[in-house]
1. Across the range 321-357, what is the total count of residues that are surrounded by fewer than 16 Cβ atoms within 10 Å (Cβ to Cβ), over 24 Å from Glu197 (Cβ atoms) and small (Gly, Ala, Ser)?
2. Of the numbered conditions (1) buried (at least 22 other Cβ atoms within 10 Å of the Cβ); (2) within 17 Å of Ala311 (Cα to Cα); (3) touching a residue at least 60 places away in the same chain (Cβ under 8 Å); (4) not acidic (Asp, Glu), Ala381 fails exactly one; give the number of that condition.
3. Residue pairs, Cβ under 7 Å, 6 or more apart or interchain, first in the range 198-217 and more than 17 Å from Val113 (Cα to Cα), second of a type in the set (A, V, I, L, M, F, W, C) and open to solvent by 60 Å² or more (accessible area, probe 1.4 Å). List them.
4. What single numbered condition from (1) without any contact (Cβ under 8 Å) to a residue 12 or more places away in the chain; (2) closer than 27 Å to Gly245 by Cβ fails to hold for Gly348?
5. Take Ala110 and decide whether it is closer than 17 Å to Val223 by Cα and surrounded by fewer than 17 Cβ atoms within 10 Å (Cβ to Cβ).
6. Just the residues that are touching a strand residue (DSSP E or B) at 6+ places or on another chain (Cβ under 7 Å) and assigned to a helix (DSSP H, G or I), please, taken from the range 43-93.
Amino acid sequence: MRTAKEQSKILTRAHLREVWPALSSEEQINSFKNLSALDAGRFFADLEARDQARIILALPMKERRLWLRALDPDDAADAIQETKEEERQILLNMLDALTRSEVIALLTYAEDVAGGVMNPRYVQVRPEMSVNEAITYFRKQARTQEETIYYIYVLDHEQHLVGTISMRELLLASPEQKIEEVMRTQLITISENIDQEEIGALMSESGLLALPVLDEQGRMKGVVTVNDIVDVVQEEATEDIQKMGGSEVLDAPYLQITIAQMVKKRVGWLTILFLGEMLTATTMQFYENQIAKAVVLALFLPLIISSGGNAGSQASTLVIRAMALGEVRVRDCFRVIKRECITGLALGCVLATIGLLRVIFWQLAFKVYGKYFLLLAVTVAVSVAGVVLWGAMVGSFLPFVLKKVGWDPASASAPFVATIVDITGLIIYFSVASFFLRGTLL
């Protein structure tokens, strides 16, 4: 039987990428060390910053310098940010003076804003250059550019962005023309402090492959490319999904986080939801006499409550996603609630009809609900319609409330909405039962 180290030797880059999340830290390091130089370089470039930092710290000092310097300044900053405070200065000292100053500048930004994800290296030319001079200058700069070059940026002597030009436009222009004659001056730019989610939305809307980052004085600081944003979008989507599931954001891949950390991330919301569900028991205790008189009402509790929770979860998920995509804003609150009221009522009527028919057909087939089965069927139908309508309203309204008070709308998770609807759904159900069944079963 092969040891982990022997198995790692036969792994190719593609195989290692597939099994990487399932490997222990030690197995990951051993597997990486046994890749060929070419495969190791490509594999390392595709890793997340957390894994890059872990590999760098596991290597001998000489190799640390090599792998750290292989990263672009923005990627190096991300990797260094994943290390402990006492290790950061050691890694910074391994960089050359220019890269070190660029990385230190990037580390001053929050990691979720444009300044934190931008690359400070880009191809720039002057507006007074001829096209021929610009092409020559471009060739010299391109040798130092690791990332794909999408656009060439035209800057004045004070580093203000005055225009852009693509490589294709540059090659098609007459060699004697000035750059200022062929450059584009209608620019889409972003502030260095803009949130990364907004960058993704703007890039998707504009169709651009890179966006220039400017400071308050209009000086160019770097570029955010589509490659940077793909990682950001995946990260943001992962965080939102984890929050919507009723958990805190995990700081590492699922199989790499410890059991203790997993419990810590999940116990908070579960405790809150558990305490909330205690109110459900209290509510049921309030209607104890009604349940005692008509035990049959308890049979339909799971059916009715789960219908409302499911409707609320649907609504909250759709609204939160629409918010994330910029399709819905806080000012659209009442439009969304109106739509969900109509939708919830329609969905409630569909489910109510099914519930009504179920009670009637069950009575005709098995004679289990007694002579007041029609009133019971109406009670179930009206309750389902009411609870589904209420669930849709809660699910659509709650994300706006959280957004307004400055919390992440993703916190309006499906379990949270379901808990609220469970408690209020009981009140709706037993209120409807009291109305229709008073003097008969109650």
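The values are calculated or read from the model by the stated rules, or taken from the named source; none is laboratory data. Here the structure is a predicted model, which means the values were calculated and not measured. Cβ coordinates were reconstructed from backbone atoms using ideal geometry, including for glycine residues, and neighbour counts include every protein chain displayed. Accessible surface areas use protein heavy atoms only, side chains included; no ligands, DNA or RNA. Shrake-Rupley method; radii C 1.70, N 1.55, O 1.52, S 1.80 Å.
1. 1
2. If we test Ala381 against (1) buried (at least 22 other Cβ atoms within 10 Å of the Cβ); (2) within 17 Å of Ala311 (Cα to Cα); (3) touching a residue at least 60 places away in the same chain (Cβ under 8 Å); (4) not acidic (Asp, Glu), just (3) comes out false.
3. Cβ pairs passing all conditions: Ser206/Ile188; Leu208/Ile188.
4. Result: Gly348 passes all but (1).
5. Numbers: closer than 17 Å to Val223 by Cα: yes; surrounded by fewer than 17 Cβ atoms within 10 Å (Cβ to Cβ): yes.
Yes; evaluated as a whole, the condition is true for this residue.
6. Of the residues in the range 43-93, the ones touching a strand residue (DSSP E or B) at 6+ places or on another chain (Cβ under 7 Å) are 72-74.
If the condition is that a residue be touching a strand residue (DSSP E or B) at 6+ places or on another chain (Cβ under 7 Å) and assigned to a helix (DSSP H, G or I), then Pro73, Asp74 are the ones that fit.
To keep it simple, each residue is scored yes or no on (1) touching a strand residue (DSSP E or B) at 6+ places or on another chain (Cβ under 6 Å); (2) surrounded by 15 or more Cβ atoms within 10 Å (Cβ to Cβ).
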residue	(1), (2)
Ala105	no, yes
Gln141	no, yes
Tyr153	yes, yes
Glu158	no, no
Leu170	no, yes
Ile194	no, yes
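One line per residue, one yes/no per condition, for (1) over 30 Å from Leu437 (Cβ atoms); (2) modelled with pLDDT under 85:
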{"site": "Val232", "(1), (2)": "yes, yes"}
{"site": "Asp240", "(1), (2)": "yes, yes"}
{"site": "Ala260", "(1), (2)": "yes, no"}
{"site": "Lys265", "(1), (2)": "yes, no"}
{"site": "Thr282", "(1), (2)": "no, yes"}
{"site": "Val295", "(1), (2)": "no, no"}
